[in-house]
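Chemist: For reference, the structure I am asking about is given below.
Each value in this text was obtained by applying a stated rule to the coordinates, not by laboratory testing. Keep in mind the model is a prediction, meaning the values are calculated, not measured. Here the Cβ positions follow ideal geometry from the backbone for every residue, glycine too, while neighbour counts run over all protein chains shown.
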Amino acid sequence: MSIKLVGGLRALIAPVAVVVIGLGSAAQAQELSIATGGTGGVYYPYGGGLAEVIGKYVDGYSASVEVTGASVENMALIQRGDSDIALALADTVYQAFTGTGAFEGKQIPEARALASIYPNAVQIVTLADSGITSLEDLRGKRVSVGAPGSGTELSAQIILAANGITYDDFDPQRLNFNETADAIRDGDIVAGFWSVGPPTSSIMNLAATRSISVVGLSDDEIAKAREAEPTFAPYALRAGMYDGMAEPVQSISTPNVLVVNADMDEELAYNITKAMFENVAELIAIHPAANDTTVEFTVASTPIPFHPGALRYLEEVGAAVQDHQRP
């Protein structure tokens with residue numbers, strides 16, 4: 001696996017050995033690029049684990065991990081062919097595929113799914129003594145809504161707008177996960193949004209140095225958000241997930257989708273899908289979010305058609321694929 005920075009920086013850093021089954025040397029392998037997100041989220045380590053699985057179990061291929069602005073940027077990378085595989089939130093994927101919402105006039109009809117891999121939970125984090133206990137308390141405050149072009153920002157905008165709050169009502173800061181945690185720690189902002197598979201390292205690191213509070217959503221706030229975005233689902237952040245989090249916190253979640261372009265070779269898409277599901281223990285060892293990387297979660301959650309190669313694997317294992325998931 002190798003790691004790249006995307007978004008102006010495309011320099012190769014920290015190369016490590018790639019194991020490719022069935023080839024004389026890794027140099028003979030065709031390299032695939034995997035668009036992930038910032039290093040403080042789950043996309044980055046998950047993508048690294050997937051790259052290793054591809055290198056070990058997909059003959060003739062290795063993979064590199066790209067650090068990106070996450071979901072929205074990743075869909076554009078897939079459309080342009082700058083990345084071969086991308087991780088993106090289901091709401092972003094659906095809007096890109098249908099040309100709605102943030103992608104109105106910028107439709108990406110060639111997007112196809114390999115799988116849905118785990119749910120992203122919206123986590124609104126503040127310091128325990130901030131006095132922030134609800135969405136309404138964000139009015140007039142400096143709040144991080146996620147990195148520019150990220151699925152976190154898209155989810156934050158939908159949740160806030162559905163509940164009558166716009167960027168005019170507070171001072172939005174567009175920071176990535178690590179920047180958000182640092183800004184909360186330093187008192188530069190009062191709260192931040194994360195849309196990521198919990199637990200995530202940047203919040204864990206913040207909770208290790210400051211007493212934090214995770215702001216819950218009410219039943220009414222969740223209902224309004226789901227009316228605005230049908231890919232949302234209720235989600236309970238478990239007690240003890242972060243230091244000082246004594247009680248469960250009610251929030252909302254969005255599935256994460258593994259996306260490719262429709263022009264990917266069918267056999268390659270099949271082999272990647274098969275390798276991922278049949279070696280998921282190796283992904284779980286890298287991040288516990290992969291516990292949800294199952295065939296059952298995939299067919300229950302994927303909002304766009306599967307790539308024919310992925311569909312072939314799912315049908316081979318007897319999955320109940322839905323009509324809208326067929327190309």
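Chemist: Arranged from highest to lowest average of other beta-carbon atoms within 10 Å per residue, in what order do the peptides 308-315, 220-227 appear?
Modeler: 308-315, 220-227
Chemist: Provide the gained length on full extension for the span Asp59 to Ala246, in nm with one decimal, where the gain is 0.36 nm per separating residue minus the Cα-Cα distance.
Modeler: Once the chain is fully extended between Asp59 and Ala246, it gains 62.6 nm.
Chemist: Dipole of the chain, Cα-centred, from +1 at each Lys and Arg C-beta and -1 at each Asp and Glu C-beta, to the nearest 20 debye?
Modeler: 340 debye
Chemist: A follow-up question, please. When all C-alpha to C-alpha distances in the chain are sorted into bins of 20 Å, what percent of pairs does each bin hold, rounded to whole numbers?
Modeler: 34, 57, 9, 0
Chemist: Report the label-to-label distance for Ala228 and Glu110 in nanometres (one decimal), using points 7 Å from each Cα along the Cα→Cβ vector.
Modeler: Label-label distance for Ala228 and Glu110, simple model: 3.2 nm.
Chemist: Where both partners of a DSSP beta bridge lie in the chain, what percent of those bridges are antiparallel, to the nearest 5?
Modeler: Taking every DSSP beta bridge with both residues in the chain, the antiparallel ones total about 60 percent.
Chemist: Then there's this: Magnitude of the Cβ-charge dipole of the range 121-253, K/R +1 and D/E -1, about the Cα centre, nearest 20 debye?
Modeler: With only Lys, Arg, Asp and Glu charged at Cβ, the dipole is about 240 debye.
Chemist: Would you please give the residues with an amide H less than 5 Å from that of Glu229, counting only those at least 5 places away or on a separate chain, with H modeled from the backbone geometry?
Modeler: So Glu229 has HN proximity to no qualifying residue.
Chemist: Given the C-alpha atoms of the range 121-253, compute the convex hull and give its volume per residue in Å³.
Modeler: 91 Å³
Chemist: So how far apart, in nm, are the two label points at Asp220 and Asp129 if each is 7 Å from Cα heading toward Cβ?
Modeler: 3.2 nm
Chemist: Return the long-range amide H neighbours of Ser64 (sequence gap of 5 or more, or a different chain), with a cut-off of under 5 Å between placed amide H atoms.
Modeler: Here the answer is Ser2, Leu32, Ser33, Ile34, since their amide H atoms fall under 5 Å of that of Ser64.
Chemist: Calculated FRET efficiency, Glu296 and Arg142, Cβ-Cβ r, R0 30 Å, to nearest 0.05?
Modeler: Computed FRET efficiency for Glu296 and Arg142: 0.15.
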